[in-house]
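Undergrad: The structure's right below; bear with me while I get my questions together.
The values are calculated or read from the model by the stated rules, or taken from the named source; none is laboratory data. Given the structure is predicted, the values throughout are model-derived calculations rather than measurements. Neighbour counts are summed over all protein chains in view; Cβ atoms, including those assigned to glycine, are modelled from backbone coordinates with ideal geometry. Surface accessibility is based on the protein's heavy atoms, side chains included, excluding ligands, DNA and RNA. Shrake-Rupley method; radii C 1.70, N 1.55, O 1.52, S 1.80 Å.
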Amino acid sequence: MSNGTIGLDADHIDLRDSVRALATRHITEESVRAAVEAKDEQLPAWWPTAADQGLLGLHLPESAGGAGYGHLELCVVLEELGRCLAPGPFLPTVLASAVLHAASHHLHLPGLADGTTVGAVALGGDLSAVVSAQGLIVSGTTAPVSGGQLADLFVLPVQVGDDLQWVIVRRGAMTIQHPPSHDLTRRLAVAELDEVPVAADAVLSLDHAHPYDLAAVLLGAEATGIADWSTDTATAYAGQRHQFGRPIGQFQAVKHRIARMLVRTEQARACVWDAARAADEEGASEGEAALAAAVCGAVAVDAGFGVVKDLVNTLGGIGYTWEHLAGFALRRTQTSRILLGPSTDWFGKVAELSLAGVR
């Protein structure tokens, strides 16, 4: 099992070990399979434990019910939860609270921090609004929203003329559809809005690209955890599985594949931690944080998906069946890739910022 200690201090390592111990006790393979087989998605059994230990509010200020830490600590948690393919809307909820905190909108943060409110962020869709005396009148349909089946609170991108703005809408104001989900452990939903009024105080004041940057970092952290688990799993299997009288790990092609898996995992981890630190660093410019997030968006989630594919190839026939969690991991990382958008767009943002002189 890899230590994942590059760039972490002793407190981060203690946090990692604590979350890994929690996951070992409460997020078993049986609980992941139970989430898949459940007819309707429900909050996982480990949700109250995560809330009691302050994991949902780790990155939020103490004044809002959080622990007062930052995105780096949150990414350490998400990486560990990725390793065990944690079911449920943890990532969508902490993404929603991170966006609200970035916008200095603290009204809903206590509920998101203590687990009584489930949040979700739509990363696309066809929503538009007209301006009214009280705020905005929003209509349209979101793209599939991760965690939307359980979300009480949605953060939505809305086109207002030539500008993109982000708004908060409660579940009861919308019609929620439940399309088939590729990831059966954290299911998608589509929200439909028909002239829904949004008060002025529910319109967020922040750069329109910032929620996407946060999504890149948090989804990248989870994908890194999945890649780390995949690399460990492939290594163990290659030492146990025999062909032609010897472990398959002795064959050059398998050795090289697993080595590439480790390299891609460490590259993704470095990009995630760099972006998380840039988001937390008080002296960093918005351009620096945006560039680090764009690099993360270009590298981390795609790396997770690629490493899981290599795990499936290493496992052989069993990797293609429901008998192994590799297929569940493939669905999770593929869903994250789709939600985040093409890596070519993120590479384009890296080029654009770099050409503008951001370093």
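Undergrad: Would you mind calculating the relative contact order of the range 219-359 from Cα pairs under 8 angstrom and at least 6 residues apart, reporting the percent as a whole number?
TA: Computed value for the range 219-359: 31 percent relative contact order.
Undergrad: First measure r as the distance between the Cβ atoms of ALA34 and GLN267, then evaluate 1/(1 + (r/R0)^6) with R0 = 25 Å and state the FRET efficiency to the nearest 0.05.
TA: Efficiency, rounded to the nearest 0.05: 0.15.
Undergrad: Any idea which of ILE258, THR335, CYS271 is furthest toward the positive side of the dipole for the chain, if Lys and Arg beta-carbons carry +1 and Asp and Glu beta-carbons -1?
TA: Farthest towards the positive end: ILE258.
Undergrad: Between PHE347 and GLU195, with labels modelled 7 Å along Cα→Cβ, what's the label distance in nm to one decimal, could you check?
TA: 4.6 nm
Undergrad: For the ranges 104-111, 89-96, 352-359, 221-228, what's the packing order if you count other beta-carbon atoms within 10 Å of each residue, average per peptide, and put the highest first?
TA: Answer by packing, highest mean first, reads 221-228, 89-96, 104-111, 352-359.
Undergrad: Starting at the first residue of the range 262-276, write each ³J(HN,Hα) from the Karplus equation 6.51 cos²θ - 1.76 cosθ + 1.60 with θ = phi - 60°, in whole Hz, x for Gly and Pro.
TA: 5, 4, 5, 5, 5, 4, 4, 4, 4, 5, 5, 5, 5, 5, 5
Undergrad: Tell me the chymotrypsin sites (Phe, Trp or Tyr not before Pro) within the range 314-359 that lie in a loop according to DSSP and have at most 15 other beta-carbon atoms within 10 Å.
TA: Within the range 314-359, the qualifying chymotrypsin sites (Phe, Trp or Tyr not before Pro) (loop, at most 15 other Cβ atoms within 10 Å) are TRP322.
Undergrad: From largest to smallest, what semi-axes in whole angstrom does the chain give when each is the square root of 5 times an eigenvalue of its alpha carbon gyration tensor?
TA: Details: eigenvalues 233, 98, 78 Å².
For the chain, the semi-axes come out at 34, 22, 20 Å.
Undergrad: Within the range 52-195, what whole-number % of the accessible surface is contributed by carbon and sulfur, with the 1.4 Å probe and all protein chains included in the calculation?
TA: Carbon and sulfur atoms account for 48 percent of the accessible area of the range 52-195.
Undergrad: Relative to the present Cα-Cα distance, how much length would full extension add between ASP9 and GLN177 at 0.36 nm per residue of separation? Please report the intermediate quantities before stating the final value.
TA: On the way: separation 168, 0.36 × 168 = 60.48 nm, distance 4.38 nm.
Taking 0.36 nm per residue and subtracting the Cα distance, the gain is 56.1 nm.
Undergrad: Before I look further, what does the chain give for accessible area per residue, probe 1.4 Å, in whole square angstrom?
TA: 43 Å²
Undergrad: With contacts defined as alpha carbon pairs under 8 Å and 6 or more residues apart, what's the relative contact order of the chain in percent?
TA: Rounded, it is 15 percent for the chain.
Undergrad: Now for a different question. So if I place +1 on the C-beta of Lys and Arg and -1 on the C-beta of Asp and Glu, and nothing else carries charge, what would the dipole magnitude of the range 17-114 be about its Cα centre? I want it in debye, nearest 20.
TA: About 60 debye.
Undergrad: Something else about it: For the range 1-120, just say rounded, prolate or oblate: build the C-alpha gyration tensor, square-root its eigenvalues into a ≥ b ≥ c, call rounded for a/c under 1.5, and beyond that prolate if a/b exceeds b/c, oblate if not.
TA: Details: a/c = 2.08, a/b = 1.10, b/c = 1.89.
Oblate, since a/c reaches 1.5 and b/c is not below a/b.
Undergrad: If you place +1 on the Cβ of every Lys and Arg, -1 on the Cβ of every Asp and Glu, and leave all else neutral, what size is the dipole of the range 46-183 about its Cα centre, to the nearest 20 Debye? Display every interim value, and only then the final one.
TA: On the way: 3 positive and 11 negative charges, 55 e Å.
Dipole about the Cα centre, nearest 20: 260 debye.
Undergrad: Provide the gained length on full extension for the span ARG25 to ARG260, in nm with one decimal, where the gain is 0.36 nm per separating residue minus the Cα-Cα distance.
TA: Length gained, ARG25 through ARG260: 81.5 nm.
Undergrad: The range 20-100: which trypsin sites (Lys or Arg not before Pro) are DSSP loop and have at most 11 other beta-carbon atoms within 10 angstrom?
TA: Values: sites: ARG20, ARG25, ARG33, LYS39, ARG83; in loops: LYS39.
Those satisfying the criteria are LYS39.
Undergrad: Roll a 1.4 angstrom probe over the protein heavy atoms and tell me the percent of accessible area of the range 311-359 that is carbon or sulfur.
TA: The value for the range 311-359 is 61 percent carbon and sulfur by accessible area.
Undergrad: log10 I(q)/I(0), Debye, Cα-only the range 242-359, no solvent, q = 0.10, 0.11, 0.12, 0.20 Å⁻¹?
TA: Summing over Cα pairs of the range 242-359 leads to -0.41, -0.48, -0.55, -1.07.
Undergrad: Which one, PRO180, VAL198, VAL155, projects farthest toward the positive side of the charge dipole computed for the range 152-203 from Cβ point charges (K/R +1, D/E -1)?
TA: PRO180
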